[in-house]
Amino acid sequence: MKGNARHIIEATVIILAGILLFQSFYIQFLDKDIRKRAQYAALEKVVSYPARGAIYDRNSKLLVYNNPVYDIEALYRKIDKNMDTARFCQLLGIDRATFISELNKDWSNKQFSKSKPFPFIKRVPVDQFAGFQEMMHEFPGFSAQLRYIRGYPRPIAAHAMGYISEVDPAEIEKSNGVYERGDYKGTSGIERAYESQLKGDKGYKYLLKDNLGVTVGSYQNGALDSAARSGDELMVSLDADLQEYGERLMQNKRGSVVAIEPSTGEILCLISAPTYNPNLLTVDRDRGKYFSALVQDTLKPLFDRTVQAQYPPGSIFKTVVALAGLQMGVLDPNKGTHCGGSYTLGRVYKCSHIHYDPRNLGDALEQSCNVYFYQKIQDIMNKYGSDKPGKGLDEFAGYMRQFGLGKMLGMDYFNELPGTIPTDAYYKRHYYRLFRDSTWKAAYEISIGIGQGVIQLTTAQMANLCAAIANRGYWITPHFYKGVIKNHQLQPQDKFLEKHKIDIDPRHFETVIDGMERAVLTGTARIAQLKGIEVCGKTGTAQNPHGADHSVFCAFAPKDNPKIAIAVIVENSGFGSTFAAPVASLLMEKYINGKVDSTRTWLEKRTLEQDLIHKPQPAPPTKP
């Protein structure tokens, strides 16, 4: 047995040695490709970068395009130490200190090598590069790479469009090879939401280089080379003219505007004010300086107030309190109440202004009676008994969630916040933290009936709420995406078609809509009337614990077959009819009619000239 084992081991060694000898002979004498490649010191992969997809508005107007720029790369070992540095710096518009700092890298860092090209100066404009290109032969060791940065023909929709920035190491690691050092990707807004369609695909060329680093040809005659593929062109739902007009109306104001086409859920405009010029955040050499200035600006222009700011909605919330109360059977639309200017329940809750006693729900909405809705929210919470307010509240909260409140809407937009709609569990936790007793009563929290207390919504949610009412009981997820443009034809989207239905009888919607129409015709929102257009709206004055009240307004028009639903918040400016309603009504008129009627140019002028940031003004009169 021992002898057999020894023979087996000897035979195995002989066979393996034979295989190695044959492989060595094949490589040295038979494999021509190996012998050919041995002549070269390196195989270089050269990247060509794609143009990012352009973005167009709903009317095919260009919103975002590409500007070509050049990245200058350096190969340290090939740089002529006696080159004309002054001339070089002049051509590229840099100083000698920059030249030295950009050339001298930390060579102990693995990402840099004196034998491989590295980024020297990025994003050189085409006109400047043209002069440098003519003289580039005088500067061995330097090469150029074509890249693209974003450009905006109209400096609008900065928050909606978003911006691109260079990927960081963590993003590269997560991308599984999709991104490499020096790549850019969408960081916010539509640029981020549709990165996969917009980015395109890089192209590659594989070049053989000799021992001196001189290119001697393409690898395998270019069999592995690929061309760059430009990103897809997108059409989005924004109306560029409406967006621009809205940004002008909101200039020198803090707040936000969201307008939606109710039948489709398409976002017509999305404005966060103050805004900024998106051209400042294109990836150019001064981007860092501008970005730092925006971050330090106390007005927070980078903060997206449309989906990140959460506001008490104020009296616009009375519309859904009414709808839930009608469906829950605790609100009779034909019964009114006495309003003496306040409602006493443990403490005094004031009404917003003096008005006649509401005889029914329509009157209460028209005059925005707080007392009426204090009573109705109490009735809603006490539906199953005053000792079980949580059961009634949870039923109410269920309807609110059907409206998309208290949760994220699922927009094709990042950083959306859910807002707050309280439940029984919410109040039990709240009161236990305060008093070590989770028991609570409806009387403690009736302020939610007028959209105050812990109620918080985003402006996008308010606009969507209005769209759901306009649709008489359903909404489609608010979105920007209309489709990809291929061969000059739009390929429509099929992602945002689902109707989110609300389990409330359609006849209740008609009741509330009639009250909203009356609010515009004869009530608190008369400033929003439009000639020849039936507008349904609701004003709100949102109490702000941190300063002056916010002006709030939501509306849709026309009443039948509505084309636009809108929500406007103007921070720290008072009554909804004073500032938010004029902005909304002008935008609705502009969108539906294409212009503002001559009888309302005074309102347009006043709104455009109002400066609530630098020169706070008292509430202006209703008409000159």
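The values are calculated or read from the model by the stated rules, or taken from the named source; none is laboratory data. Since this is a predicted model, take the numbers as computed values, not measurements. Glycine also receives a Cβ, built like all others from the backbone with ideal geometry; neighbour counts cover every protein chain displayed.
Select from the range 287-334 the residues that are over 18 Å from the mean Cα position of the chain (by Cα) and loosely packed, with under 15 Cβ neighbours inside 10 Å and list them in ascending order. The answer is GLY288, LYS289, SER292, ALA293, GLN296, ASP297, THR298, LEU299, GLY329, ASP332, ASN334. Every test in (1) surrounded by fewer than 18 Cβ atoms within 10 Å (Cβ to Cβ); (2) under 23 Å from PRO278 (Cβ atoms); (3) out of contact with any helix residue (DSSP H, G or I) (no Cβ under 8 Å at 6 or more places or on another chain); (4) modelled with pLDDT of 85 or more is passed by VAL167 save one, and that test is (1).
Could you please tell me which pairs satisfy a Cβ distance under 7 Å, a separation of 6+ or placement on different chains, a first residue in the range 414-438 that is part of a strand (DSSP E or B), and a second residue that is of a type in the set (D, E, K, R) and surrounded by fewer than 16 Cβ atoms within 10 Å (Cβ to Cβ)? Correct list of pairs: empty, since none qualify. Hey, any hits in the range 77-100 for a residue that's without any contact (Cβ under 8 Å) to a residue 60 or more places away in the chain, surrounded by fewer than 17 Cβ atoms within 10 Å (Cβ to Cβ) and hydroxyl-bearing (Ser, Thr, Tyr)? Yes. Taking every residue in the range 295-310 that is over 23 Å from GLN543 (Cα atoms) and pairing it with any residue that is surrounded by fewer than 15 Cβ atoms within 10 Å (Cβ to Cβ) and β-branched (Val, Ile, Thr), at least 6 positions away or on another chain, the pairs with Cβ-Cβ distances below 8 Å are LEU302/VAL295. Close contacts from the range 47-68, counting a first residue that is in contact (Cβ under 8 Å) with a residue 24 or more places away in the chain and over 18 Å from PRO278 (Cβ atoms) and a second that is of a type in the set (Asp, Glu) and surrounded by 15 or more Cβ atoms within 10 Å (Cβ to Cβ), with Cβ to Cβ under 6 Å and a gap of 6+ residues or different chains, come to ARG58/ASP239. Looking only at the range 356-390, residues that are surrounded by fewer than 18 Cβ atoms within 10 Å (Cβ to Cβ) and closer than 19 Å to SER577 by Cβ come to 1 in all.
Screening LYS289 on (1) free of Cβ contacts under 8 Å to residues at least 40 places away in the same chain; (2) assigned to a loop (DSSP other than H, G, I, E, B) shows it passes everything except condition (2). If you go through the range 484-501 and keep only what is of a type outside the set (A, V, I, L, M), assigned to a strand (DSSP E or B) and modelled with pLDDT under 95, you end up with LYS486, GLN489, GLN491, PRO492. Of all residues in the range 177-235, count the ones that are hydrophobic (A, V, I, L, M, F, W, C), at pLDDT below 85 and under 21 Å from ASP71 (Cβ atoms). The qualifying residues number 1. Taken together, GLY419, GLY340, GLY346, GLY336 contain a single residue that is at pLDDT below 90 and on the phi > 0 side of the Ramachandran plot, which is GLY346.
Looking across the range 271-281, just one residue is buried (at least 20 other Cβ atoms within 10 Å of the Cβ) and more than 22 Å from ALA259 (Cβ to Cβ), and that is LEU281. Within the range 92-109, the set of residues being of a type in the set (Ser, Thr, Tyr) and either assigned to a loop (DSSP other than H, G, I, E, B) or under 23 Å from ALA130 (Cβ atoms) (or both) comprises THR98, SER108.
Scanning the range 455-472 for residues that are within 17 Å of VAL257 (Cα to Cα) and either outside any helix (DSSP H, G or I) or without any contact (Cβ under 8 Å) to a residue 12 or more places away in the chain (or both) yields GLN456, LEU457, THR458. Out of TYR276, TYR245, one residue alone is over 30 Å from TYR399 (Cα atoms) and in a loop (DSSP other than H, G, I, E, B). It is TYR276.
Condition check ((1) of a type in the set (D, E, K, R); (2) under 30 Å from THR187 (Cβ atoms); (3) touching a strand residue (DSSP E or B) at 6+ places or on another chain (Cβ under 8 Å)) across all residues:
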site	(1), (2), (3)
ASP357	yes, no, no
GLY362	no, no, no
CYS369	no, no, no
GLN375	no, no, yes
ASP379	yes, no, no
LYS388	yes, no, no
ARG401	yes, no, no
LEU409	no, yes, no
GLU416	yes, yes, no
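Filtering ARG154, ARG181 for residues that are in a loop (DSSP other than H, G, I, E, B) and exposed (fewer than 14 other Cβ atoms within 10 Å of the Cβ) leaves a single hit, ARG181. Residues in the range 566-594 that are surrounded by fewer than 19 Cβ atoms within 10 Å (Cβ to Cβ) and modelled with pLDDT of 95 or more: ILE592, ASN593, GLY594. For the range 506-527, the criterion of being assigned to a helix (DSSP H, G or I), of a type in the set (S, T, N, Q), in contact with a strand residue (DSSP E or B) (Cβ under 6 Å, 6 or more places away or on another chain) and crowded, with 21+ Cβ neighbours inside 10 Å is satisfied by no residue at all.
Before we move on, is SER108 surrounded by 13 or more Cβ atoms within 10 Å (Cβ to Cβ) and hydroxyl-bearing (Ser, Thr, Tyr)? No. Among the criteria (1) within 30 Å of ILE502 (Cα to Cα); (2) at pLDDT below 95; (3) not basic (Lys, Arg); (4) not in a loop (DSSP other than H, G, I, E, B), the one VAL320 does not fulfil is (2).
Restricting attention to the range 37-84, the residues being in contact with a helix residue (DSSP H, G or I) (Cβ under 7 Å, 6 or more places away or on another chain), at pLDDT below 85 and basic (Lys, Arg) number 0. Among the residues of the range 422-457, those identified as surrounded by 16 or more Cβ atoms within 10 Å (Cβ to Cβ) and at positive phi are GLY451, GLY453.
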